[in-house]
Amino acid sequence: MMASSIGVAVQAAREGNWTPLVEAAADAPGKNWAEKAQCSGRMADTFFPTAEHPWSDPDQVRHAQGIALNAPLKLCATCPLAVAARCLVESLRSDDEYGIRAGLLASERSELRRSWKQRLDSTAISAALRGVTTLLSAHERQEVVARFAADPMIGADRVARGLGVPSKYLWQLAREHKQRYAPATSPAPTSPASKAA
């Protein structure tokens, strides 16, 4: 029941190409993107089918829920591509396990959720390092912080803007990264001669 344009972006993501989905999501910028969604103002319960879990078989859920899924899936199918893509990307970013997002059941998003966590889009990372706010996975955010921690000459204000955080917080993240990944140093060996002195 998923609209074909979002379906194409989802299929590309399943094949490892996140660009169509992320680019489509970028066309619904800002914090108020959800107001343009067809589900805006509707009963949220409609989008949380009973007895549907991330580990469920989607075909069994569709069979068991029957016509109860028609309304939410039809609404998702009429959402503009940018809004549907942003809905899906936001659910992946926040690791939403339950509910219908962009016309996908939770069980249909499970593999996408796992892949999203591991994705590294070098274009998105470079954009964030240049100060362009972009949609990043947790793994990509860590990579941006790691690169900044390794070379703070990149420019804290730019990187902070790219991550959407204050510069002070970015410096804190860089310190924590350095502490977490600092090579373990062992104390200098003590020779018997130095003990005698």
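Since every read-out is calculated from the coordinates, none of them should be taken as a lab result. This one's a predicted model, so the numbers in the text were calculated from it and none came from an experiment. Glycine gets a Cβ as well: all are built from the backbone with ideal geometry, and neighbour counts include every protein chain shown.
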Between K36 and H63, what FRET efficiency follows from the Cβ-Cβ distance if R0 is 30 Å, with the result rounded to 0.05? 0.40
About its Cα centre, what dipole magnitude does the stretch 4-118 give when the only charges are +1 on Lys and Arg Cβ and -1 on Asp and Glu Cβ, stated in debye to the nearest 20? 200 debye
Just name one of V132, G155, Y98: the one whose Cα is farthest towards the positive end of the charge dipole of the chain (beta-carbon charges, Lys/Arg +1, Asp/Glu -1). G155
Lysine pairs, Cα distance under 25 Å, 8 or more residues apart or cross-chain: how many in the chain? 6
Within 10 Å of each residue's Cβ, count the other Cβ atoms and sort W116, W33, W171, W18 from fewest upward. W171, W33, W116, W18
Once the dipole of the chain is set up with Lys and Arg at +1 and Asp and Glu at -1 on Cβ about the Cα centre, which of H63, F48, A182 lies farthest towards its positive end? A182
Placing +1 at every Lys and Arg Cβ and -1 at every Asp and Glu Cβ, with all other atoms neutral, what dipole size does the chain have around its Cα centre, in debye to the nearest 20? 720 debye
List, largest first, the extents of the alpha carbons of the stretch 4-118 along their principal axes, each in whole Å. 35, 31, 24
When all C-alpha to C-alpha distances in the chain are sorted into bins of 5 Å, what percent of pairs does each bin hold, rounded to whole numbers? 1, 7, 14, 16, 15, 12, 9, 7, 6, 4, 2, 2, 1, 1, 1, 1, 0, 0
Within the stretch 17-122, which trypsin sites (Lys or Arg not before Pro) sit in a loop by DSSP and count at most 13 neighbouring Cβ atoms inside 10 Å? K31, R42
Order of C79, C87 from fewest to most other C-beta atoms within 10 Å? C79, C87
Pairs of alpha-carbon atoms within less than 8 angstrom and 6+ residues apart define the contacts here; what relative contact order does the chain have, in percent? 19 percent
Quick one: Cα convex hull volume of the stretch 85-171, Å³ per residue? 86 Å³
